[in-house]
Structure formats: structure tokens, C-alpha cells
Amino acid sequence: MFEILDARRQQVFVNGKDTFDVACGKASAAGSVSQRACVFCGSRVVLYPIADAVHVIHGPIGCAVYTWDLRGSVSSGPELHRLCFSTDIRENEVIYGGEKKLYAALCELIDEYKPNAAFVYGTCIVGLIGDDMDAVCRRVEKEKGIPVLPVHSEGFKGTKKDGYRAACEAVFKLVGTDDDTPVSENSINILGDFNLAGETNLIESYYKRMGIEVVATITGDGRIAQLRRAHRAALNVVQCSGSMTYLAEMMKEKYGIPYIRVSYFGIEDMTQALYDAAERMPDRDAVMERTRAIVRHDVPELLRKLAPYRQALQGRTAAAYVGGSFKAFSLVKALRHLGMETVVVGSQTGTKEDYEYLKSITAPGTVILDDTNPLELSKFILEKGAELLIGGVKERPIAYKMGIGFVDHNHERKEPLACYEGMLNFAQEVYATLMSPVWKYSPARIRAAQIKNRSELFEQKESGVTGCGSIDAAAGGVK
Ligand code: SF4
């Protein structure tokens, strides 16, 4: 019988049943097999989409391969980000130090690929042997004339969130280094979208229709030149709050740029994101008028297209487990738009306030999880009868092993799910997954149905309702 670990009892809640005092934002409980990645991976996912930089992993080859091309972040131009470079630290460097190897690797890569910057990621072993990455980066920067930025992301030194912070600190060193390029007064930076399946480009197209200049996309489809002038934008619009709030806070403190948190997933949140940005533009009235026109034009058309999906999906149930809590909020709302109920929901990096909000938008009985693990997810998916799991690459095998549908909301997907277009894609994907006849052939489903059938027959026999013969025979002989 599966039991929740004592160390995790304050991270698992049933809406309406438990006293809600989430102990979140802490290191994962030992032995819980968290779905979180390491600090290094946290930095890598955030900086990865900067497409005109080389990304050099100073560490063993395994760290590099593990994060090679780890997201479906596309670029509208250069694609240096899709290459994987590592110093391939071995026993020799562990004993004598890896600084020489790092210096040689950086010089060779910069000469060969002519990037606009280089990011150098520290991994566990580099933290242990004490290589002075900062000194090597300073030396190469001086010799080669491009920014060479150390990212202090040793895997063991915290949670994935610490990796986000290290990535933000590296980006912040670039911000403000170009003060000459003019920027229009109605301008923003898009923070925390990673251009999966081209979503940053899609989001940018809406702001353009609103008459807003997008100065920098951080980091989806990111470019070094954009980051250097990002301090001149009027507003930072933060989507992935878990990863990019640090950068927004630092820019607010140093350059006085206000920021808002938004989500581009689902109809309400997408609309709210556009209105919230329009509201804060210096030329507010004109931008707001254009925004209203976009909403008036796009939303009725979308609702018309969503109607048949909503009818077909009415009453179906889903579980969602994602990295950032804002995405979890949007998923709950988007599923409700499709007539579906979210019965299990959680995030890797939510705050107390985030979970309070999640509680307020979910139905009583919904299981809410912070930093969960495969066993807990499986238990609650079974208990709550979720027919679909929405998550990222690490959740996919859980769903398939359980014989339920899966919708990828991260990493590897090829269809944009953001903006109004994305909502339609999401509905189509949920529909196609749930309606697929394949589930009736899933061994896990067949076995679950047989066990259920057997216990029902047993209960009927006990109460004398049925005069049937062998329960095992009726249940297909399942042991
Ligand atoms: S935990 Fe350490 S060794 Fe493992 S991938 Fe992360 S940085 Fe590399």
C-alpha cells in the first residue's frame, strides 16, 4: 500500500478537506524521486533558446548530453543553441583542474562559430574541484571581444529554481550594455516564454498588432543584441514566473522597469495578458483601442471553433503537473472552457500564494501537489479517475504506463499552445488523445477494468445479488 512520505505531508492537499498550509519552495525530500531537474538543468532550460550564443557545459559529458536540445525552442535566425558543447571533464582534470581545458575549448569555439556571446555552465564536479570559471571567462572575453558569461549552476547546490536564478544573473550582466539603440515609448520585453513551436513569435505578433514594440524576447528566440538594450523597454511582461521573476525584480530595482505576470494559455488569461500590457503603455488609450479590436475579432471566432470540442469533452477529467504555477492556473481554466474538470493539479516551483489561488479556482476534492513524484501522481490519478495527464517530458511515461492519454505542455511539442491559436490546438490535441480508440487496447486499462469487474462481482456475491459461477472466469481469469 502506497503511503505519502512524512516529509511530504505538507505538500499534498485535497481542496476543501485539508487545512491549507503548503510547505513549498524547499529542497525535494530525500527518497521522493522528485520530478524536478538539477540546478544546472534549471539554468540550461532558461538560457538555451538564446540562439546566437554558444552554450558550453564545463563538466562531464553526461551533463551535456542530458540537456542537449532539451526543448523544442525554435529560432527565426541562427541556431547555435541547438549545438552541444562540453569540456568533457575526466579524471585528469578532476586531479589537476579543468581551467586550461575550458580556456582552450572557449577559444576554439569562438573562433570556429563566431557567436555573439558564450555562456559557460558550471556543473557539480566543477563546484567540487573549484575551477575559477570567472577568471577564465574574463580572460577569454578580453581576448576575443565578446561577452563570456559564467553561469554558476553546480547541480547539487539547491533546487531547479536556483538554476533559474543563476541564469537570470548571467542575462542581467548583458542588460544595459547598449544604451544607444532607440526604442519606442510603447515597448515591452517578453520574459519567460521559450519559443516552443514558435510561441514567442506568435505572442510578439499580437503585441505588434497592438502597436507595441517588443524590445527583447527573454529568452525564446533570444538574441544578445536584444538583451543588451532590454533596459530601455517601458514594461517587462513575465510569463514563466518561476524562472523570470528574478530578472524582472533586478531590472525593476536597477532600471525602474515595472513588471506584470501574465499567461498566454487559454482564452481568459490570453485576453487579460493583452489588456494588462495595454493598460500600462504610455499611449494607453490608442493601444487599448487596438487591443479591444483584436479581442472582438479573434475571440468569437475561436469560441465558434471550440464549440464542438466542448460538447464532446463535457464531463471528462484531467490531471495536470507542470513546472510553473501560472501554467497550472491557465490549464485549469482552459480545461473548464472545454467542459472538463481538473481533478489533480500541481507544480514544481509554486509559492504559497500560487497554491492559494489554485485552491480558489479548483473544485472541492481536487488534489493539489507541490514538487510531486511519479508514485504520488499515479496514486492520485487512479484515485480521482483522471483520463488524461498534461505535463512535460518526464510525465509522459507515467501516463503511458498507466494507460491514459497524455498531452505535452512543454519541452518536445511541435504545436503552439499559447495565444488564441494555441487554445484551439490544445482543444484538438485533448480531443484526439481522449477519443483515441487505442486506450481500450491498453494492458493497464484492461487489467484495471478486470480488477474492477472482479471486485464488483465479489460484492454482488457477498450480498447474494447474483448467482453467477466463477468470479475469476467472469473477470477473465486475472490473478
Ligand atoms: S546533478 Fe550534477 S552531475 Fe547530474 S546533471 Fe546536474 S550538474 Fe551534471
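If you take every residue apart from V238 with its C-beta less than 12 Å away from the C-beta of V238, what net charge results, scoring Lys and Arg +1 and Asp and Glu -1?
After counting each charged neighbour, the total is -1.
Below 8 Å between Cα atoms, with a sequence gap of 6+, how large is the relative contact order for the stretch 37-157 in percent?
This gives 33 percent for the stretch 37-157.
Taking the DSSP beta bridges in the chain as the whole, what percent of them are antiparallel, to the nearest 5?
About 10 percent, rounded to the nearest 5.
Which lysines, on any chain, are close to K305 with Cα under 29 Å apart, when same-chain ones fewer than 8 places away are left out?
Counting by Cα, and skipping residues close in sequence, K305 has these lysines nearby: K208, K327, K333, K414, K440.
Lysines near K142 by alpha-carbon distance under 18 Å, same-chain residues fewer than 8 away left out - which ones?
The reachable lysines, counting only those whose Cα sits under 18 Å from K142, are K100, K101, K114, K173.
For every other residue with a beta carbon closer than 9 angstrom to the beta carbon of G350, add +1 if it is Lys or Arg and -1 if Asp or Glu, then tell me the sum.
Around G350, the charge tally is -3.
Please work out the C-alpha center-to-center distance from the stretch 17-69 to the stretch 280-303 and express it in whole Å.
Between the Cα centre of the stretch 17-69 and that of the stretch 280-303, the gap is 37 Å.
What trypsin sites (Lys or Arg not before Pro) does the stretch 353-448 have in DSSP loop regions with at most 12 other beta carbons within 10 Å?
K414
How big is the Cα convex hull of the stretch 39-174 in projection, averaged over all directions, in nm²?
Value for the stretch 39-174: 7.4 nm².
For L389, list long-range residues whose amide hydrogen, built 1.01 Å from N in the peptide plane, is under 5 Å from its own amide hydrogen.
A319, G405, F406, V407
Not counting the cut sites, what is the longest span of the chain without GluC sites (Glu not before Pro) that DSSP labels loop and that have at most 15 other Cβ atoms within 10 Å?
186-411
Would you mind ranking D69, D408, D131, D111 by Cβ crowding within 10 Å, fewest neighbours first?
Listing D69, D408, D131, D111 from fewest to most nearby Cβ atoms yields D111, D69, D408, D131.
Compute the relative contact order of the chain as a whole-number percentage, counting only Cα pairs closer than 8 Å that sit 6 or more residues apart in sequence.
With pairs under 8 Å counted, the relative contact order is 16 percent.
Between E353 and W68, 0.36 nm times their residue separation minus their Cα-Cα distance comes to what?
Roughly 99.2 nm would be gained on extension.
Starting from a Cα-only point model with no solvent, please compute log10 I(q)/I(0) by Debye for the chain at q = 0.08 1/Å.
Debye intensities relative to I(0), on a log10 scale: -0.53.
Laboratory data are not the source of any read-out in this text; all were calculated from the coordinates shown. Everything numeric here is computed off the predicted structure, so don't read it as measured data. Neighbour counts are summed over all protein chains in view; Cβ atoms, including those assigned to glycine, are modelled from backbone coordinates with ideal geometry.
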